[in-house]
1. For the stretch B:100-123 and the stretch B:254-287, what is the separation of their C-alpha centers, rounded to whole Å?
2. Could you give log10 I(q)/I(0) at q = 0.04, 0.07, 0.08 Å⁻¹ for the protein assembly as shown, computed by the Debye formula over C-alpha point scatterers of equal weight, without solvent?
3. What percent does the relative contact order of chain B come to when contacts are Cα pairs within less than 8 Å and at least six residues apart?
4. Over the Cα atoms of the stretch B:306-359, what Rg and Dmax result, in angstrom?
5. Given the C-alpha centroids of the stretch A:360-413 and the stretch B:393-407, what is the distance between them in whole angstrom?
6. Among the lysines, which fall within straight-line cross-link reach of residue B:4, defined as a Cα-Cα distance under 30 Å, with same-chain neighbours fewer than 8 residues apart omitted?
7. Determine which aspartates and glutamates satisfy two conditions relative to residue A:136: a Cα distance under 14 Å, and not lying fewer than 8 residues away in the same chain.
8. For each cysteine in chain A, check whether another cysteine's C-beta sits under 4.7 Å from its C-beta; list those where none does.
Amino acid sequence: MQEQYDVIVIGAGVVGSAIARELSRYRLRIAVLEKNLDVCNETSGRNSAVVHGGFANPVGSLKARFCVSGNKMMDKLAAELDFPFKRCGKVLVGNTPADMEQLQRTMEQGAINGMDGLELVDEARLHELVPAVVGKFAMWSKNSGIMDPFLYTIALAENAHANGVSYFFDHEVTGIHRETDVYVLQTGKGDFRTRWVVNAAGLGCKRISDMLGITGYRVVGSRSNYIILHKRMGRLLPMPVYPVPNNVYMGIHVTPTVDGNVTVGPDAENTDKLDDYTVPQKNIEELAASGTVLWPHIHKKDQIRTFAGIQPKLVDENGTVQDYKIEIRDDIAPQAVNLVGIESPGLTASVPIAQYVVELMREREAFAENPAFNPCRKGIVRFADCTPAEQARLIASDQDYGELVCGCEGVTKAELLAAIHNPLGVVTMTGIKYRTRAMMGGCQGGFCQMKIEQMIEQELGCRPQEVCYSRKGSWVLTGNMRGEA
Amino acid sequence: MERKEVVIIGGGPAGLAAAVELHKQGVRDMVILEREDRLGGILRQCIHDGFGLGRFGESLSGPEYAQAFIDEVQARGIPYETGAAVLELTCDRKVTAATRSGLRQYEAKAVVLAMGCKERSRGSLGIPGERPSGVFTAGSAQAYMNLYNRMPGREVVILGSGDIGMIMARRLTLEGAHVQAVFELLPHPSGLPRNIVQCLDDYDIPLYLSHTVTEIHGRTRLTGVTVAEVDVDRRPIPGTEQEYTCDTLILSVGLIPENQLLEGAGIVIDPRTNGAAVDEALQTSVPGIFSAGNVLHVHDLVDFVSLEAETLARSVAAYVAGTPPVPCNLAVEAGRGVGHTVPQRVSGTADFTLSLRVTGHYRDCRLVVRQDGREVVSKRMKKAIPAEMVQLAVKAGNLRRIGALEVSVE
């Protein structure tokens, strides 16, 4: 007999991970089923990584409400969970009287939504804030920020795991049925029984919703492409620079990352292919051209990578984008929390969304508190970010800190070992990359990937052909070149 | 903080040759810092032959070539530390390195930059498409095979006709992989003619010029690439696309000096070489910091790297001995048909060797150095190609004290 869970969360994106963590505050048997080999593999990690200010979302919407409260709690979360977050502010840059009117409307909307620190600034002040930006005036949102979505999601998931949540990667839910008071979730690796189900499947939200019997939602994919610029460029961009937005689309913007890179994007086009992350050449060129209108430092020689992300947008019959749908349909699927169309600002709003999900559940069932819950989690120490004195102390405590493996990003063997033995048991090259930044620098792993691959083999006792790059089936090597396979 | 006369960053061919020559010049108080766990640099993974024809008059493998210098370093008792990764270099020549036994901090009279180069990656090319596994730079595939005994794939397409790419075409073939073709964006090969013959022709691997990979396919492992012909502006020509089924794409699309430490020290970088801009003593814009080898500009043959490092060593020996520096105010500019030159500044009062690359294929041409339009020196060449570095000796006697130099192909 398969063990039975109190709650199973489907999806280990940022929202699923936040829900798992919120649920771990209670005495529940909780599992997370994720089809990929790591957390944060889809929408959660493929975006601008901006902590939004909630001014661009319609008054009264869940998006606005959760975004504003998520923004306000981000310092506390960063302190508890040890992930990179910078409240650097951001500017929305305008040039025309129409832009000014729109910015004033945006400011009013932000104020009603409860956001502080919104201010209109003139060109001179704008250039003090962001020296090279092109624009006549701007709305400055002092409380907007940037974060690392991978490390944030990893932190949420690791904290949930430390508080008792079980994680199952490579477990795609292929069917759901209900047996009396229990849901049976089918996966390629066996059935899982649970009293509660939470659909946090992101791009798969409609599929899971349909499996629960809650049908009729229209979800479209909105594809975004991005360019990543070299780390040296971040020094020239102290905060994200956006054009004047509307309530549906933020526009192509330039954003510093917490690590000093700059991203340029996103463009947006609807797609049915929810797993196609191809970045077309045409879009790369258009992004660079559009970004340059705002900020003149986008040069081909600094482009180190491109990426694409897809957001699930819930739309009505006219194609108009709707608010988040977060519901328990007691009539159709009792004890199932259904989240549909969780798109931007989902990263900012993740914990408030999770709290709301738990509230909906607690309205229907009393959960006993977990007295052992610990909200704090420590991440992997970053040698490169330490002072020389701290670096010396680290090496004295563990010689592996003195062995640099990734030269570009300054990642040591000690950090890589910690990443290989991560609490969630993730074993992919990209899992190690996101946890340490190894292979993210100028040479993109040209010098260090073989060392890291060998460390995985040695530490985990696997064969070369078993090491995956990212997704299941993304083998890196065919095996040994000579000798035994 | 330990004081040293000379700190050499990098224990590959440039650093080793510089160390030996410095020792010959009487310098003793020096150290080589090498980030890997042994000396030799990239030569350690270059197990093919063809090294040292110029210097030793015989064809050596990479490890053999390196060993000749390592033996000399050890015989002379030149201090070196392996597993020492330099974290920071400042403009006042303080060098911080991480080692397993702690941080090392040196204050050097002179610093030698000999860090070599890195490969251009897929990201810097901006090849559109998915991000499956199975896309390797030629050097990383070479490291997997020759240093780690790991096989990167079975069905291979190679983009770029750089030397390492062609050498890997042969290497992969010898280890049982099937290399379908090498595609080169430019209308001429990027690598040396001898590698086209010995690595491609001998194994019936076709080389297609003016072609590029326009898309990468595969969500997990690479499943194929789209290849198209390109026009004179290197833009893909619609309608010429062809699909190739493969599990491995090897990129050999150029090398870039490993210049990350230069930025921290505020050293001026020449955008044409991506290495430091140097004077005839191979001194960078920061006094006391010198540069040679592939970190200065990408060479075609290691023999020239060694020679350049020895030239550098003689300048460094003079510098630490307190010989007053000669002002180098004459700019050396790359004119028609020339991609870059090293050095970028000269004094006009000393002989120097000019290293350069041409940008196109030339036959029966003349390389000419002019100062304010007046011809200073020239060299007749039957053939000049971008793959081969050209060197030109310039005598001080022919130079005036004022006026920029320009090198061009005629």
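1. The stretch B:100-123 and the stretch B:254-287 have Cα centres spaced 13 Å from each other.
2. -0.20, -0.61, -0.79
3. 15
4. Here Rg and the maximum Cα pair distance are 13.0, 40 Å.
5. 59
6. Counting by Cα, and skipping residues close in sequence, residue B:4 has these lysines nearby: A:413, B:24, B:94, B:109, B:118.
7. List returned: A:99, A:101, A:122, A:123, A:128.
8. A:40, A:67, A:88, A:205, A:376, A:386, A:408, A:443, A:462, A:468
The values are calculated or read from the model by the stated rules, or taken from the named source; none is laboratory data. Because the structure is a prediction, the values reported are computed rather than measured. Virtual Cβ from ideal backbone geometry, glycine too; neighbours counted across all protein chains shown. Calculation scope for accessible area: heavy atoms of the full protein, side chains included, ligands and nucleic acids excluded. Shrake-Rupley method; radii C 1.70, N 1.55, O 1.52, S 1.80 Å.
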